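Notes for the one structure printed next.
Since every read-out is calculated from the coordinates, none of them should be taken as a lab result. Only a predicted model underlies this, so the values are computations on that prediction, with no experimental measurement involved. Note that we place each Cβ from the backbone using ideal geometry, even for glycine, and neighbour counts take in every protein chain shown.
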Amino acid sequence: MGIPFINALLSDLVQLFVPKLCGSCTHRLHSYEDAWCLQCIAGLPFSSAMEQQHRFELAQKLSVRMPIRSAESLFVFESGSPVQDILHAVKYQNAQPLAFRLGQLLGRQLQAGVTHLPDVLVPVPLHPKKKKIRGYNQSELLARGISSATGISVDAELLIRNRHTPTQTGMDRTERWQNTSGAFECSKPIKAGVHIALVDDMITTGATLEACYRAMEIPEVSVLGLAYARDT
């Protein structure tokens, strides 16, 4: 017996006695599902249903902060909705495969809706202290998923978070800007004309993305998010 076979057998035994349950409907997950079942994911409010209206709305929301080339998100966020649960799972419950798969869906949506794809994906970085505690950067996992669906390269080292900032939950627009201003720096020069897309999990006021954009000192930027809030 090889090691892969033994690992698969052990995984099946764990599933038999301690089955994984969907974070939404609590039904038992299949081996190819992680954190959420495919049926619950299919029932989420995908922003692609809004087509051009959604893209225009998101780009307009961000354009007050920085020059936007294109903007795309997978979901529209509403407090108390299933999207809030899925964001929590991706961010705090170690649902790493789920983040990657959602990135793949976002990548396919990007290919269908944008004429000129970005040259490189740059995930919003975590401070090293926070990444060590969490064990992963959910925005980087999203970027890796997008990359696997589109072939766009990922540069997870371009931006560095040089200041540990508190969570922005509950902060207003001004407080978010003060919290993230100057929190990032660029690790190397950026070649002129490169089309960069920033990747983040949740887009609210856009303060974090603006701080990243200013650190890169480029003419314009595209933005990709797992979800965005319409009322902020």
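In a shell of Cβ-Cβ distance under 11 Å around residue 131, excluding residue 131 itself, what net charge do Lys and Arg (+1) and Asp and Glu (-1) give?
Numbers: positive: 129, 130, 132, 134, 161; negative: 140.
Every neighbour counted, the sum reads +4.
Would you mind ranking 218, 133 by Cβ crowding within 10 Å, fewest neighbours first? Mind showing how you got there, number by number?
On the way: 218 18, 133 9.
The most exposed by this proxy come first: 133, 218.
Report the FRET efficiency, 1/(1 + (r/R0)^6), for residue 133 and residue 53, where r is their Cβ-Cβ distance and R0 is 25 Å, rounded to 0.05. Could you put the intermediate results ahead of the total?
On the way: r = 39 Å, r/R0 = 1.55.
After rounding to 0.05, the efficiency reads 0.05.
Among 61/132; 91/129; 61/91; 91/191; 132/188, which pairs are too far apart, with a Cα-Cα distance over 27 Å?
Working: 61/132 32 Å; 91/129 15 Å; 61/91 24 Å; 91/191 32 Å; 132/188 23 Å.
Those over the limit are 61/132; 91/191.
Tell me, in nm to one decimal, what length is gained between residue 116 and residue 69 on full extension, where the rule is 0.36 nm per residue of separation less the Cα-Cα distance? Present the calculation step by step, with values, prior to reporting the outcome.
On the way: separation 47, 0.36 × 47 = 16.92 nm, distance 0.99 nm.
Stretched fully, the residue 116-residue 69 segment lengthens by 15.9 nm.
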Take every DSSP beta bridge with both residues inside region 46-229 and express the antiparallel ones as a percent of the total, to the nearest 5. 15 percent
Footprinting exposure proxy for 101, 28 (fewest neighbouring C-beta atoms within 10 Å first): 28, 101
Going fewest to most other Cβ atoms within 10 Å around each Cβ, 21, 29, 98 line up as 21, 29, 98
